[in-house]
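Step one of this worksheet: look at the structure below.
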Amino acid sequence: MQISSSRDWCQVKDYFYKTGQVPEQTELDPTILQMWHKAKAAGLSPFTPVPASTQQPLTTDDIRLSETVFPILKDIWALFKHQNICTFFLNTQFKIIAEYQNPDPHSPYHFLKQGQVLDIAQFGSIAPSCSILSQMPIIMMGHQHYLNEFSDFYCASVPVFNGQGKILGALDITSYREQLASNWLRHLLYQGYVVENEIIKKNMPAQHKLLYFQHSEDLLKTAYTGMIEIDATGQIQKANQMALTLLNTSIDQLLYKPISNYFSSISTLASLEQQTQFIRSQDEALFYARLYTPQMTKKTSHLFSTSTPDFKDIAKLSKILHSDVPILITGATGSGKDHLARQIHEFATKDQAFISINCAAIPEHLLESELFGYEAGAFTGASAKGKRGLIELAHQGILFLDEIGDLPKHLQAKLLRVLQDQVFYRVGGHKPIQSQFKLISATHQDLLAMIDNHDFRSDLYYRICGYQIELPQLKDRPDKIDIFKTLLANAKIYSWSVNVQEQFEHYDWPGNIRELTHVIQLSAALIAHDSLEHAHLEHLHVPQQRKVTPQSYLANKPQTSLNQMTKQLVLDILQQEKGNISQAAKRLNISRTTLYKYLQ
Ligand SMILES: Nc1ncnc2c1ncn2[C@@H]1O[C@H](COP(=O)(O)OP(=O)(O)OP(=O)(O)O)[C@@H](O)[C@H]1O
């Protein structure tokens, strides 16, 4: 049967629903037909409505897999975003473990959210579940979806494997409008290879090696390379899909066999480590080949982390934020998370609101009303007029959630809903309020460990961590001398001795930039001229022979810890100011609160 219109399709589906068969000669991919059968067996009719979206938490395995998948979804989205697509990865339990799309509350893809399970019994035939079941790439157009509600959707999907024949899930591109899905499929096939190769490389034991081979030398280092993982005895442990195609074999035939069974001319594997050479397969095909011991990339527990954080490139971070990708800044206390968030804001959006809140600093019972606001009379002591919350105030601006790891669990759930729907309710309110903001979050805590301990929601983690930047300790920062000089200049110190710089370089700075700031402020308050000759950092550990003559204010004091030293300085200044806290704080160029902290 030639199906040309929507009406024809409705008739076909109706006939199928009544008889369990499609009219004779209907052109329908057998895999899709199989899915229709499954949907019907589960009690679905083409008229069954799409269920309301519900998200399940991600498991640790899901999180690890999405670590690899997420950057690839970002690339796919960047390439096809003008076609108004949504792209996602569905695991073998049919759960979306990562997605990328425009954060529009009215988007037709509102049900394609991370954590959503798209099982056949509720959603009928969709491309990625078809790919998972058939282990084949697929395009599903309009009415080929079993549910009529999906008849405007066009989708392409490819399966992704783990190098040992096991399917991990499917990459998908979905669009609400008719598009050239075959273009997507070509790109998805390429990205499917990228994911598979990454997974093989990431999970490879240190003593294993990777054989890359291809007919063309140009393809050897691309995603299209054949890749075989070999253990120390030369036995095959894994092979990617391209290797199977090139050798015209199946994974079962290849696994755990000696590599020499497949390549007759491999005499010494070691020579392939030096340079690219020709090797010959059993059926006499010639390949360019090279053996690699991949650099073990340091396994970080953080997702989407930049390998070399680009501190100077605030412009880049600002661009990322303005493409609606939320940024998560991690790093130890005092490493400059708050400072960086403000710099990102200042770079491009000075005239937009920057609303910041430290989730650890506000008592738990006040945090909800601070964030979400409240209606008049919402609770005892509430203002008669009600109050707008910070989320509302951040509309069209930036919301900075500092110490997000300290957000209580019930507020994590509430925040998640705002991030998903951009709509929230004030405490005691019933009117939905819209707020669209860019999100920067920061924490010194290991959120993945918190997820494992059920202290932080994995779905929220994914919402806030579109791009992660980890600020290292001050002592490890490549630009630490620049920071040192900037802070000295801020304190109007324009010259200093070599010794001062050495002290700076030898000390560990456990309190990071905050500690350095305080030390410099103290030094500035205590020096007579604007040159730091011997400084008040002198007590820090510096090789003995390089010390200058002790002339400083603290020269005769015994060596002690930085905190004790700072406290001593504060006490001395306080004494000189006859106990006047304000005067002492002013002279030390620190706040009264900071001064009190030193006195504790
Ligand atoms: N790149 C920088 N250049 C100059 N000063 C900086 C820089 N980064 C941070 N600072 C200064 O260091 C101090 C601590 O920085 P900040 O408050 O941003 O750290 P933090 O990581 O947010 O700390 P915490 O986790 O304790 O909140 C601030 O006084 C800040 O102005």
Could you report the accessible area of Val117 in Å², rounded to 10, computed with a 1.4 Å probe on the protein chains as they sit in the structure?
30 Å²
In whole Hz, with x marking every Gly and Pro, tabulate ³J(HN,Hα) for segment 14-21 from phi via Karplus 6.51 cos²θ - 1.76 cosθ + 1.60, θ = phi - 60°.
4, 4, 4, 4, 7, 10, x, 9
What does the net charge come to around Ala39 if you take all other residues with beta carbon closer than 11 Å to its beta carbon, with K and R at +1 and D and E at -1?
+2
Can you list residues from other chains, or at least 5 along the same chain, whose modelled amide H is less than 5 Å from the amide H of Leu328?
Ser441, Gly466, Tyr467, Gln468, Ile469
Quick one: give the max-minus-min coordinate of the C-alpha atoms of segment 6-194 along each principal axis, largest first, in Å.
45, 36, 31
Check Val427: other-chain or 5+ apart residues with amide H under 5 Å from its amide H, H built from backbone geometry?
Gly373, Tyr374, Glu375
Within the chain, which is the longest segment containing none of the trypsin sites (Lys or Arg not before Pro) that sit in a DSSP loop and have at most 11 other Cβ atoms within 10 Å?
1-165
Going from the alpha-carbon gyration tensor of segment 410-506, what semi-axes, largest first and in whole Å, does one get by taking the root of 5 times each eigenvalue?
42, 18, 10
Contact order relative to length of segment 209-292, as percent, for alpha carbon pairs under 8 angstrom and 6 or more apart:
31 percent
Shape call, segment 128-197: gyration tensor on alpha carbons, a/c limit 1.5
oblate
With N set to the residue count of segment 67-119, report its C-alpha Rg divided by 2.2 N^0.38 Å to two decimal places.
1.09
How much of the DSSP beta bridge set in the chain is antiparallel, as a percent to the nearest 5?
70 percent
Give the accessible area for Ile573 in Å² (nearest 10); use a 1.4 Å probe, count only protein heavy atoms, and leave out ligands, DNA and RNA.
0 Å²
If you find the alpha carbon centre of segment 442-456 and of segment 27-84, how far apart are they in angstrom?
28 Å
Using θ = phi - 60° and Karplus 6.51 cos²θ - 1.76 cosθ + 1.60, couplings along segment 438-451 (whole Hz; Gly, Pro as x)
8, 10, 10, 10, 8, 7, 9, 8, 8, 5, 5, 5, 5, 5
Tilt relative to the chain, helix 409-421 - C-alpha long axis, 0 to 90 degrees, to 10:
60 degrees
For Cα pairs less than 8 Å apart in space and 6+ apart in sequence, what is the mean separation divided by the residue count of the chain, i.e. the relative contact order in percent?
9 percent
What length, rounded to one decimal in nm, is gained on full extension from Phe47 through to Gln93, with 0.36 nm per residue of separation minus their alpha-carbon distance?
14.1 nm
Step through the residues of segment 7-12 one at a time and calculate ³J(HN,Hα) from phi using the Karplus curve (6.51 cos²θ - 1.76 cosθ + 1.60, θ = phi - 60°), rounding each to whole Hz and writing x for Gly and Pro.
5, 4, 4, 4, 5, 4
For Ile329, what charge total do you get from the other residues with a beta carbon under 10 Å from its beta carbon, if Lys and Arg give +1 and Asp and Glu give -1?
-2
Could I get the Rg over Rh figure for segment 209-292? Both from C-alpha atoms, Rh via Kirkwood, rounded to two places.
0.91
Does anyone have the angle between helix 30-41 and the longest principal axis of the chain? Alpha-carbon axes, 0 to 90°, nearest 10?
80 degrees
Stokes-Einstein D for the chain at 10 °C, 1.306 mPa s, Kirkwood Rh over Cα pairs, in µm²/s?
56 µm²/s
Residue-normalised value, i.e. accessible area per residue, for the chain at 1.4 Å probe, in Å², stands at 48 Å²
Using modelled backbone amide H atoms (1.01 Å from N, in-plane), which distant-in-sequence or interchain residues come within less than 5 Å of Phe354's amide H?
Ile398
Rounded to the nearest 20 debye, dipole of segment 209-292 from Cβ charges on Lys, Arg, Asp, Glu
120 debye
Over the chain, what percent of the accessible surface lies on carbon and sulfur atoms, probe 1.4 Å?
49 percent
Check the straight Cα-Cα distances from Lys113 and name the lysines below 22 Å, setting aside those fewer than 8 residues away within the same chain.
Lys74, Lys81, Lys95, Lys409, Lys414, Lys438
What is the calculated FRET efficiency for His82 to Phe278, with r their C-beta to C-beta distance and R₀ = 56 Å, to the nearest 0.05?
0.80
Quick one: putting +1 on the C-beta of Lys and Arg, -1 on the C-beta of Asp and Glu, what dipole do you get for the chain around its Cα centre, in Debye to the nearest 20?
1240 debye
Computed D for segment 6-113, Stokes-Einstein, Kirkwood radius over alpha-carbon pairs, 10 °C, 1.306 mPa s, to the nearest µm² per second, is 95 µm²/s
Put His339, His430, His145 in order of accessible area, largest first, 1.4 Å probe: what do you get?
His430, His339, His145
For the chain, what does the helix formula give at 222 nm: sum of -39500 (n - 2.57) over DSSP H segments with n ≥ 4, over the residue count, nearest 500 deg cm²/dmol?
-11000 deg cm²/dmol
For segment 314-472, what size does the Cα cloud have along each of its three principal axes, sorted from largest down, in whole Å?
46, 40, 27
With every protein chain kept in the model, how would you rank Tyr262, Tyr15, Tyr292 by accessible area, 1.4 Å probe, largest at the top?
Tyr15, Tyr292, Tyr262
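The values are calculated or read from the model by the stated rules, or taken from the named source; none is laboratory data. Everything numeric here is computed off the predicted structure, so don't read it as measured data. Positions of Cβ are generated from backbone atoms using ideal geometry, with glycine treated the same way; all protein chains shown enter the neighbour counts. When the accessible area is computed, the model is the full protein with side chains, heavy atoms only, and any ligands, DNA or RNA have been set aside. Shrake-Rupley method; radii C 1.70, N 1.55, O 1.52, S 1.80 Å.
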